[in-house]
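Comments concern the structure below.
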Amino acid sequence: MPRDPDPPPAKRFKPGSPFSRLDKKKPGMLLPRAGHAPVNVDAQRKQLPIYQSRTQLINQIRQLHSAVFIGETGSGKTTQIPQYLYEAGIGRQGIIGITQPRRVAAISLAARVAEEKKVQLGKLVGYTVRFEDVTSSETKLKFMTDGMLLREAIGDPLLLRYTVVILDEAHERTVHTDVLFGVVKAAQRKRIEQNKIPLKVVVMSATMDVDLFSQYFNKSPVLYLEGRQHPIQIYYTKQPQSDYLQAALVSIFQIHQEAPASHDILVFMTGQEEIEALARTCRDISKHLPESCGPMTVVPLYASLPPAQQLRVFQPAPKVPAAPQTLTPHAEPVLALTCCLCFTGVQEGGSLHKHRRNLHHYLRHQIRDRHGDGESQTLQSRCNLASVILQLLALGVPDVLNFDFMSKPSPESLRTAVEQLCILGAVDRKDDHVSLTPLGKKMACFPLEPRFSKTLLISPDFSCAEEVLTIISLLSVDSVLYNPPARRDDVLAVRRKFISSEGDHMTLLNIYRAFKKVSGNKDWCRENFVNSRNMGLVLEVRAQLRDICIKMNMKLESSLSDLTNVRRCLAHGLFMNAAELQPDGSYVALDTHQPVAIHPSSVLFQAKPACVVFNELLHTSRCYMRDLCLVDAEWLQEAAPEYFRRKLRATKS
DNA sequence: AGAGGTGCC
């Protein structure tokens, strides 16, 4: 069928259009353009629209405890406001902390601001993300991930090192950022009550729906940051596009042909798979373009790329960065294509499923950005509330059930979370009062889900802490198993030598041990279809967890060849995630009695183990158990006799 | 007999 997408916006270049306005040579905005003539960063800073309102902004913030800023991407708010505050002497007694939802953003923003301040990164300007702390005693402007500040708050609930906390990208909310908001708000209130140096809170959002933020921070004023570096003009296609990937592709090459070579194109897509496919197609096509077109560099950008590759979008080149919806690089493209999806004309059965999934993905972001109601449900579904509750208790929040959440989780989900922590022995509950047990206190020290920190903490009782450290680290990162579909048979053949009939945990452990034997050899990884980057992360996570264990004086022993103890330990830690084989060959989860199935990726997929614990449940076409470990039913009983007695009663009644 | 989302500590 001939495809006839609407003429894309590039067709409409004409004098006075936003594109022709961009023809005026403007230096790159937020990031250095290495390779070009040296640019004057001071001059660049002064060109930012936000610079005009600098004095006014400073005067307003000086008088406020809290403020909410709305400024679109490109207004320069994230790089400039921290500097304005610092330059105006606001918060000089302490640190100005700027939180970001993502690591790459925290790192690249810090690098840019250090460049603007002409200082070495890690001195006046630094950043802190997991595994990387590029700060020093001199650091006054500190970019960090939200998660890092939340961790810091456990040791310092009043955030006394900070005089200003800037919560950036506030529109990208999760349960964790909601908790962070609550922690920051409480710290601010308590510091006033205790006559300590006040904490200024600045919330920055790219979207207009900031009423909730303003309300939450004591009806703080909302300040609008006018303008952006580059004007925006939105064009729509006249008709729905049956194949938005194809339409994007056509648009990309029309723009590439017509726009000046210095301009970049940014395409928003729904995920890694689409991004890689589009990048491949673009590269293929660009090889066969006439020379008059100029070269095209295609730079994919998504989270699972190595950070160095993610930063490539900031290098100057004619290029097409392809980014998922949630990742906005801090470069100003000449044109951003946001691809909306629709069902019209989607015919093939296989791709219908895919489109539906993508649409779902897309809508979720739309809904989350625009709609206040139902939001808390979306937020909850994305993360384990039990770990949030544990964290709150560790932060010293006295009444967790009535914590000042910006969007309150349902009482039922809160109850379930507390119940889970109770069963794990992390909390005690008397009437409505919930408190941390000594075990729970230790559990909160690990950057892990409660059931994993519990498993790790009891591992010395089974003399297998080293193995459990390894297994939990392996489960904490994206899979170390590399499964290119095109080489499926090779993968199966190579992996056979690691497979354990005791399940996925033991199989992963075998792979890790083999990897260590060859000292992390990259060729070995390639030959054995092991993702060496993720394996590298495993080593980092493991080292971090091990440090925490050592600080707690845990006895770190290895069970060596006998892995029964390891499985017993997993049974004792993961007993809430257990399932039993039924006479008809199906499985039932012992906790909820719901039917579950073994995920096809499990090494036990074709086996029929009588009793297993699993890592997580995946609700897709069915309810799948992922990462299974064979256990004895008796181990579960000895792990939590009371819990299983109750479960048994529930079954009978 | 058969899967597929993200980010963070």
Exceeding the 31 Å Cα-Cα cut-off - candidates A:K123/A:K517; A:K551/A:K647; A:K454/A:K647; A:K77/A:K287 = A:K123/A:K517; A:K551/A:K647; A:K77/A:K287
Which log10 I(q)/I(0) values, to two decimals, does region A:479-590 give at q = 0.22 Å⁻¹ under the Debye formula with one point per Cα?
-> -1.31
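Please give the net charge around A:L574, taking every other residue with its beta carbon less than 13 angstrom from that of A:L574, where Lys and Arg add +1 and Asp and Glu add -1.
Values: positive: A:R451, A:K454, A:R567, A:R568, A:R626; negative: A:E449, A:D504, A:D591, A:E616, A:D627.
Surrounding charge for A:L574 is 0.
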Let me know the whole percent of all Cα-Cα pairs from region A:396-440 that are separated by more than 16 Å.
-> 35
Return one quarter of the surface area of the convex hull spanned by the alpha-carbon atoms of region A:41-224, equal to its mean projected area, in nm².
-> 9.6
Computed Rg/Rh for region A:548-653 (Cα atoms; Rh = Kirkwood radius) stands at 1.02
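So for region A:450-648, what are the equivalent ellipsoid semi-axes in whole Å, largest first, each being the square root of 5 times an eigenvalue of the Cα gyration tensor? Can you show the working numbers first?
Numbers: eigenvalues 143, 105, 36 Å².
After scaling each eigenvalue by five and taking roots: 27, 23, 13 Å.
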Where the centre of each part is set by its Cα atoms, how far does region A:517-534 sit from region A:604-624, in angstrom?
-> 27
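In Å³ and rounded to a whole number, note down the convex hull volume per residue for the Cα atoms of region A:63-141. Working shown, then result.
Values: hull volume 8.5 nm³, N = 79.
Spelled out: Cα convex hull of region A:63-141, divided by residues, is 108 Å³.
Ordered by packing density, taken as the mean number of other Cβ atoms within 10 Å over each peptide's residues, highest first, how do A:158-167, A:574-583 rank? The partial results should precede the final answer.
Details: A:158-167: 21.2, A:574-583: 18.5.
Taking the mean over residues of other Cβ atoms within 10 Å, the ranking is A:158-167, A:574-583.
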Sort out for me the Cα centre separation of region A:121-178 from region A:423-500, rounded to whole Å.
-> 26
Spelling it out for A:T297: with amide H atoms placed in the peptide plane at 1.01 Å from N, the residues 5 or more places away or on another chain with amide H under 5 Å from its amide H are A:K319, A:V320
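State in Å² the accessible area per residue of region A:535-653; use a 1.4 Å probe, count heavy atoms of protein chains only, and round to the nearest integer. Write down the numbers at each step before the final one.
Details: 6160 Å² over 119 residues.
Roughly 52 Å² per residue, with all protein chains present.
The values are calculated or read from the model by the stated rules, or taken from the named source; none is laboratory data. None of these values were measured; they are calculated from a predicted model. Note that we place each Cβ from the backbone using ideal geometry, even for glycine, and neighbour counts take in every protein chain shown. Remember, those area values only see protein heavy atoms, side chains included, never the ligands or the DNA or RNA. Shrake-Rupley method; radii C 1.70, N 1.55, O 1.52, S 1.80 Å.
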